[in-house]
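Enquirer: Before I ask anything, let me first share the structure, which is written out below as structure tokens.
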Amino acid sequence: MSKIGVPIEGFSDFSRQVAAEGAVLLKNDDHTLPLKPAEKVAVFGRIQYDYYRSGTGSGGSVNVLYTTNLIDSLLEDKTVTIDEEVLEAYQTFIKKQPFDDGGGAWAAEPWFQEEMPLMDTFVQQASERNDKAIIVIGRTAGEDQDNRAEKGSYYLTDKEDRMIRLVTTYFDRVVVVLNTSNIIDLSFVESYDPSSVIYTWHGGMEGGRAAVDVLVGHVTPSGKLPDTIAYQLTDYPSSQHFGSDVQNHYVEDIYVGYRYFETFCPDKVRYPFGFGLSYTTFEVNPKPFQYDATHQQFRFSVTVTNTGDVSGKETIQLYVESPQGTLGQPAKRLVGFMKTRLLAPDETETLEIKLSLHQLTSYDDSGVTGFLSSDVLEAGDYLFHIGTSVRDTDIVYDENKQPYHLRQTIQVRQAEEALKPVTPFKRMKPGKRRADGTYDCLLEPVPLRQQDINKRITDRLPEALSFKDTTYTLQDVLNKKITLDDFIRQLTDEDLAILVRGEGMVSPLVTPGTASAFGGVSDRLLSLGIPVGCTADGPSGIRMDSGEKATQVPIGTLLASTFNPDLIEALYRYEGKELIQNEIDLLLGPGINIHRHPLNGRNFEYFSEDPYLTGIMAIANVQGIRKEGAHAVAKHFACNSQEQSRNQVDAVVSERALREVYVKGFEMAVKEADLMGIMTAYNPVNGHFSASNYDLNTTILREDWGFRGIVMTDWWAHMNDPVNQGVPSRAHTDHMIRSQNDLYMVVNNYGAETNRAGDNTLKGLQEGTVTRGELQRSAKNICRVLLELPVMTRKQVFRDDSGLIPSQSGVVNHPLLTTQPLAVSNETITTFNVNETKAYRMYVTYTSTGDALSQSAMTIKLNDQVVATAQANGMNEIAIKQKLPKVTLEQGTYTLSFDVQKAGIYVKEMIFIPVD
Ligand code: BGC
């Protein structure tokens, strides 16, 4: 029996553990937390009920069996006594003013929920009845909806501000819980001085219970900040160059997050990167480091002792301070970390962090070191800082009390210039060292592209495999009867053009409600044994717009805050099991872009401002899924640093910053976890759209890193000319293939074979903008991955035929089903009679609102049984007709109705055409 929609046992419980481990305690005066048994507590803020489990958009759309909020979890837990008057006031308020989801449409949910106004006397009296207060502040944001520098988004609303002011005025002990997807303004910490502040982020479906586990001390907090919290939003170095509709210059270069603050202006930091408190204390004793010259490896040994009186975990962080040299370096850069096990009071653990010398390299994109386009180590002293946040560190020397000293600059690896900007701009660089150890901030011109991209592409055109008319199957390759080349040879140009089209969303060829079907999307490809692979969002659990249920895990930022890759790998093993059970081959996650600026709406899907932490988390995620047989697709390659104009805004960024920061996490996942899937971003990088960017998808990804998997576009992405840029279009699959982005996601269901979307692949073959060899190369990439996916051995279930739908009997006075379209609408239930048992092909015509990348979905029901799911992206209200699966209807009465899963889709007509 199919187990689609049945969550894996134990998964949600485990995700509760993870959610608790990712909570970051920022302030805890007078041991206000944990709440003690029998303490009386008043809980303020409506988010105690409307507790967020994820950000919005594709990365948050998991249908869950249940969710948990903070107040019910506190009541269920029973450690403390909850003030009933305050509780009832919120219950009454929420009844009057329920949660506003903006109507449920794409990107319509507001960032905040209107707070209950508070009166002085109400709070004052509550303070007389209770020992402590909790205030819950919530925020969301997401895909297509950046946060804004406004009240209600990055800043508190007036009502929230007043709530914190009043509660901190009357209560001595106040805990502020931040149930937010992004970091928000924390100036209330100075203004109102609450005793405790804790980020619980969005913890997935078990987030409420997990937060309570921490608040009452069942779990000692051990999360650390994956981002720097500055005093002002404008302090972030990218602030001046964020949010354009056209082009953002990455002026801060490699100085993202703490790399900027620690180097130039540490005093702008409210809470440093890597910071997080515990209910216990630790003594940290690093030993002198050892260097093994033969293997070029450092060993750092650190003993950590729990010196407090409750159990807890501590994370040891290793930063390098490289010599400034000619390139310029951040004052500190994370190069390793390790978390202890749960240490009982007085217990000690010795941690050993290994670090290879090569991990300390920098990329020279100007030739200033004498080694252009190389990974280099510049001569000088390399200082290692070990501690419990980027700020709280000690310098560690070797046994002779020396730092690591490199006498001569060395070239560790010669790469080749790739992906340089063509637009001149200036980037930050440290200048003179000041007396306090920080640096003046200079600007230097960014090295621009020198190589001839056209020559590079034409010199490296793959030779076409000659055509051979055979009928091998992909299983013959699996069984090693023939080579993959032999298999690909027999594909015609038409076959190849179809193979590079994915269908979706909600394809009837794969698990209902998922993002795409790819591979055997035509009868002929299927007959050659190419199976139909299934992809689904991602990253916080499986999204099935058919309404099927799955487990929702915490957001990426919370996962990174655990600083615990073993835990994340274990979590994603559960995810892998759930993918296999739901017949899904590829999860569209993890999201591994860099938190360049706090306002990016999708930061919640991504891990951190730091590329190393991002890479380690990505590896854990990818490996966890793979250990259960499914695979991950890391996204969005590259520089999806904002949602504003995400399908056109050009990221203008130096090659060094790209390699050291923005694509580093991808590189780590490719090299260390053999990542098999990558999704390109919507945006261009240095003028070339990611989905048709040759240097990104070929020079760096394949040739430099050795990636052997599949590259897919983001859904309905644009491409432009890999050489001349030109006008972007969704039809430019010729350019896509040329860059070695293998697969276009997505064309309409049943549309791959007929090229209904009208792409340029075959035209490009005729005109020479793409060659058969290039198409074959992408076909090989796709088939190579399919060979390793579970679908290769899974019995395929196609849902193109929903089979017999039983009729209701009895009623006869309804219109007879004919071949005329039925006029329908979202709300009406249409009744009709069928006078002869027959198979029909269904077609639905609908319009949708929203922009071109918005997503909405509905299920279509006959006699209350779901027979199809229809999905739409914004079409400017132009009606489209979508082919749906077949159904067999028997004599009798039927009702036709629609269940909107995601608002924004409006049905107009349904038609049932008899099939032979
Ligand atoms: C998002 C992707 C997502 C895809 C499929 C796009 O809008 O950017 O991250 O995987 O939709 O839902």
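Each reported figure results from applying straightforward, stated rules to the coordinates on display, with no laboratory input. Keep in mind that what you see is a predicted model, and the values were worked out from it rather than measured. Cβ: placed from backbone, ideal geometry, glycine included. Neighbour counts: every protein chain shown.
Enquirer: Tell me what the chain gives for mean residue ellipticity at 222 nm when only DSSP H runs of n ≥ 4 count, each as -39,500 (n - 2.57), the sum divided by the residue total, rounded to 500 deg cm²/dmol.
Expert: -6000 deg cm²/dmol
Enquirer: Project the alpha carbons of the range 645-801 onto their principal axes and report the range along each, largest first, in whole Å.
Expert: 51, 37, 31
Enquirer: Alpha carbon centre of the range 341-391 versus the range 555-597: separation in Å?
Expert: About 25 Å separates the Cα centre of the range 341-391 from the one of the range 555-597.
Enquirer: Shifting gears a bit: Normalising by the residue count of the range 633-681, find the relative contact order in percent from Cα pairs under 8 Å and 6+ residues apart.
Expert: So the answer I get is 72 percent.
Enquirer: How high is the relative contact order of the range 801-914, given as a whole-number percent (alpha carbon pairs under 8 Å, six or more residues apart)?
Expert: 44 percent
Enquirer: Across 10 Å bins from the origin, how do the percents of Cα pairs in the range 481-528 run, short distances first?
Expert: Result, from short to long distances: 25, 45, 23, 6 percent.
Enquirer: Looking only at the chain, where both bridge partners belong to it, what percent of the DSSP beta bridges are antiparallel (to the nearest 5)?
Expert: 70 percent
Enquirer: Can I ask one more? Please give the charge dipole size of the chain, origin at the Cα centre, charges +1 on K and R Cβ atoms and -1 on D and E Cβ atoms. Round to the nearest 20 debye.
Expert: The calculated dipole for the chain is roughly 1460 debye.
Enquirer: Taking the Cβ-Cβ separation of His295 and Gln820 as r and a Förster radius of 60 Å, what is the calculated FRET efficiency to the nearest 0.05?
Expert: Efficiency for this residue pair is about 0.20.
Enquirer: Just the Kirkwood number for the range 801-914, please: inverse of mean 1/r across all distinct Cα pairs, in Å, one decimal.
Expert: Here the Kirkwood hydrodynamic radius works out to 14.3 Å.
Enquirer: Which chymotrypsin sites (Phe, Trp or Tyr not before Pro) from the range 806-898 combine a DSSP loop assignment with at most 11 other Cβ atoms within 10 Å?
Expert: Within the range 806-898, no chymotrypsin sites (Phe, Trp or Tyr not before Pro) qualify (loop, at most 11 other Cβ atoms within 10 Å).
Enquirer: Show me the trypsin sites (Lys or Arg not before Pro) within the range 516-619 that DSSP assigns to loop and that have at most 14 other Cβ atoms within 10 Å of their Cβ.
Expert: none
Enquirer: Taking the Cα-to-Cβ direction at Phe93 and at Thr470 and moving 7 Å from each Cα, how far apart do the two end points lie in nm?
Expert: 7.2 nm
Enquirer: At q = 0.09, 0.16 Å⁻¹, what base-10 log of I(q)/I(0) does the Debye formula yield for the range 268-445 when every alpha carbon is treated as an equal point scatterer in vacuo?
Expert: -0.40, -1.05
Enquirer: Only sites in a loop by DSSP and with at most 15 other Cβ atoms within 10 Å count here; which chymotrypsin sites (Phe, Trp or Tyr not before Pro) in the range 27-97 make the cut?
Expert: Passing both the DSSP loop test and the Cβ count: Tyr66.
Enquirer: Let me have the relative contact order for the chain, percent, based on Cα pairs under 8 Å that are six or more residues apart.
Expert: Over the chain, the number comes to 12 percent.
Enquirer: Using alpha carbon centroids, what distance separates the range 477-493 and the range 160-221, in Å?
Expert: Comparing the Cα centres of the range 477-493 and the range 160-221, I get a distance of 59 Å.
Enquirer: How would Val6, Val167, Val256 line up from fewest to most surrounding beta-carbon atoms within 10 angstrom?
Expert: Going from least to most buried by this count: Val6, Val167, Val256.
Enquirer: Does the range 227-346 classify as rounded, prolate or oblate by the C-alpha gyration tensor (a ≥ b ≥ c root eigenvalues; a/c under 1.5 gives rounded; else a/b over b/c gives prolate, otherwise oblate)?
Expert: It comes out oblate by the Cα gyration axes.
Enquirer: Something else: With θ taken as phi - 60° and the coefficients 6.51, -1.76 and 1.60, list the Karplus ³J(HN,Hα) couplings across the range 256-263 in order, rounded to whole Hz; mark glycine and proline as x.
Expert: After applying 6.51 cos²θ - 1.76 cosθ + 1.60, I find 9, x, 4, 4, 7, 4, 5, 7 Hz.
Enquirer: Just the ratio, please: alpha-carbon radius of gyration of the chain over 2.2 N^0.38 Å, N its number of residues.
Expert: 0.97
Enquirer: Can you sort Met617, Met163 from fewest to most other Cβ atoms within 10 Å of each residue's own Cβ?
Expert: Met163, Met617
Enquirer: Taking the Cα centre of the range 268-445 as origin, sum charge times position over the Cβ atoms of Lys and Arg (+1) and Asp and Glu (-1), and report the length of that vector in debye to the nearest 20.
Expert: Taking the Cα centre of the range 268-445 as origin, the dipole is about 600 debye.
Enquirer: Could I get the Rg over Rh figure for the range 23-221? Both from C-alpha atoms, Rh via Kirkwood, rounded to two places.
Expert: Rounded to two decimals, Rg over Rh is 0.94.
Enquirer: Going by Cα centres, the range 647-712 and the range 765-793 are how many Å apart?
Expert: So the two Cα centres are separated by 19 Å.
Enquirer: Arrange the following residues from fewest to most other Cβ atoms within 10 Å of their Cβ: Leu474, Leu383, Leu775.
Expert: Leu383, Leu474, Leu775
Enquirer: What does the net charge come to around Asp50 if you take all other residues with beta carbon closer than 14 Å to its beta carbon, with K and R at +1 and D and E at -1?
Expert: The answer is -2.
Enquirer: While we're on this one: What is the set of long-range amide H partners of Glu643 at a cut-off below 5 Å, with H atoms built 1.01 Å from backbone N?
Expert: Amide H neighbours of Glu643, under 5 Å, 5+ apart: Asp146, Gly601, Arg602.
Enquirer: In addition: For the range 535-581, what's the radius of gyration and Dmax over Cα atoms, in angstrom?
Expert: Reported Rg and Dmax, both Å: 11.3, 35.
Enquirer: Quick one: which residues, 5 or more positions from Ser222 or on another chain, have an amide H under 5 Å from its amide H? H modelled 1.01 Å from N in the peptide plane, none for Pro or chain starts.
Expert: Ala23
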